[in-house]
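The next block holds one structure in the form of structure tokens; read it before the comments.
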Amino acid sequence: MNRFELAMMAALVLAAATSAQHVRAQTYPAKPIRMIQTLGAGGGADPLARLVAQRLTETLGQPVIVEAQAGAGGSIGVSMTARAAPDGYTIMLGSVSALVLRKFITKNTPYEAPKDFSPIILLGETVSGVVANPALGFNTMTDAIEYAKRNPGKLAYGSSGVGTTHHLSGVMVEQLAGVQMLHVPYKTGGTAFSDLLAGQIQLLYGIVGTFAPQIKAGKIKMLAINAGKRFSRMPEVPTIGEGLPGYDRPPSWNGFLGPAGMPQPMVRRLYEETHRAVMQPELVEKLLDLGVVVETANPEEFTAYIRRSNELFGKLVKAAKIEPE
């Protein structure tokens, strides 16, 4: 067989594969879709995943089933997604903490983003904050820092796990303020809240949407917004940086991804349907209530965004002198 015949055969195989992909995309989805939520039930990501899953169920005509997979800062669910078949029936709501930051914080992370994934859509930035038990008498983050200065190692703060942006935020506060605090990682937000109310920890970093009911009930005190600017839903609450010059919160975003190698027509279909769903005014408002500012990006833009986040977190972790554990 000469070169021309080999080239023709390769072209025919490629055309057949492309045609098969389009056929599958036209009939996709033909069965329920599994949506892995990497931060566990009860946290801020859980209602976010379920809101989007409900809309996708309506538009795709097949159930989108949310499966919470907590643990190890979200890396358990992320690893499951990376190992799944790239057939469009396993997708993931992933965070920058698990996808990008974790590899700089822990050794031997078993995946690499974006290489091991098919980015579908960047959903938006998550607004987080710091809360305290009112019994402590803290009104601002400055109060908590002053307490930590007087009581080295006695102020404990909770986060959604080692290697999350909440964890790194706490480390950055410690280093900038020159204080020593105790980090307590949690698998679920519910357990963290219970310990905060019981006095087992004094501070908790998390998504502001999960704090709202407890703040309204007077059970916890909002000390600061962990963002570059004040949050429109809580304009009276200052940012951490307002009381701690030089503080710049790490990026905090969520997005949908699938395993590497997903057929592009399926990726595009999921992007279009998810984008259409989250841009509905009603859903935008609900997501804002959960502390998510919707700022979408398509698969190509999302891929580039992940690469930029890798570069930024590499610099942040190096500057903070954090060694992988």
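The values are calculated or read from the model by the stated rules, or taken from the named source; none is laboratory data. Owing to the predicted nature of the structure, the values given are computational and were not obtained by experimental measurement. Here the Cβ positions follow ideal geometry from the backbone for every residue, glycine too, while neighbour counts run over all protein chains shown.
From the list LYS115, LYS107, which one is more than 20 Å from GLY258 (Cα to Cα), surrounded by fewer than 24 Cβ atoms within 10 Å (Cβ to Cβ) and among the basic types (Lys, Arg)?
Unique residue meeting the criteria: LYS107.
Is there a residue in the range 258-266 that is surrounded by fewer than 17 Cβ atoms within 10 Å (Cβ to Cβ), under 16 Å from the mean Cα position of the chain (by Cα) and of a type in the set (S, T, N, Q)?
No, the range 258-266 contains no residue that is surrounded by fewer than 17 Cβ atoms within 10 Å (Cβ to Cβ), under 16 Å from the mean Cα position of the chain (by Cα) and of a type in the set (S, T, N, Q).
Counting only residues that are among the small types (Gly, Ala, Ser) and assigned to a strand (DSSP E or B), which one in the range 118-145 is surrounded by the fewest Cβ atoms within 10 Å (Cβ to Cβ)? Explain how you work it out, then say what you get.
In the first step, residues of the range 118-145 are kept if they are among the small types (Gly, Ala, Ser); the result is 118, 124, 128-129, 132, 135, 137, 144.
Next cut, assigned to a strand (DSSP E or B) only: 118, 124, 128-129, 132.
On the way: SER118: 24, GLY124: 22, SER128: 29, GLY129: 27, ALA132: 26.
Here the residue is GLY124.
Residues in the range 233-252 that are within 24 Å of SER309 (Cβ to Cβ) and touching a Leu at 6+ places or on another chain (Cβ under 8 Å): how many? Reasoning before the result, please.
Start the filter on the range 233-252 by keeping residues that are within 24 Å of SER309 (Cβ to Cβ), which leaves 239-241, 244, 246-252.
Pick out the ones that are also touching a Leu at 6+ places or on another chain (Cβ under 8 Å) and you get 244, 246-247, 250-251.
Number of matching residues: 5.
Quick check: anything in the range 154-167 surrounded by fewer than 19 Cβ atoms within 10 Å (Cβ to Cβ) and out of contact with any strand residue (DSSP E or B) (no Cβ under 6 Å at 6 or more places or on another chain)?
Yes: one or more hits.
Go through the residues of the range 268-277 one by one and say whether even a single one is over 29 Å from LYS31 (Cα atoms), in the same structural domain as ILE105 (by TED's automatic domain parsing) and surrounded by 16 or more Cβ atoms within 10 Å (Cβ to Cβ). If you could, list the steps in order and put the result at the bottom.
Pass one, the range 268-277, residues over 29 Å from LYS31 (Cα atoms): none.
Within the range 268-277, not a single residue is over 29 Å from LYS31 (Cα atoms), in the same structural domain as ILE105 (by TED's automatic domain parsing) and surrounded by 16 or more Cβ atoms within 10 Å (Cβ to Cβ).
Does the range 239-271 hold any residues that are more than 30 Å from PRO110 (Cα to Cα) and not β-branched (Val, Ile, Thr), and which are they?
GLY241, GLU242, GLY243, LEU244, PRO245, GLY246, TYR247
If we only count helices (runs of 4 or more DSSP H) wholly inside the range 216-292, which ones have 2 or more residues that are of a type in the set (Ser, Thr, Tyr)? I'd like the intermediate steps shown before the answer.
Details: elements: 240-243, 264-278, 281-289.
In the range 216-292, the matching helices (runs of 4 or more DSSP H) lie at 264-278.
What are the pairs, 6+ residues apart or on separate chains, where a residue within the range 291-307 that is surrounded by 19 or more Cβ atoms within 10 Å (Cβ to Cβ) has its Cβ under 8 Å from a residue that is in a helix (DSSP H, G or I) and of a type in the set (Gly, Ala, Ser)?
GLY291/GLY209; VAL292/GLY209
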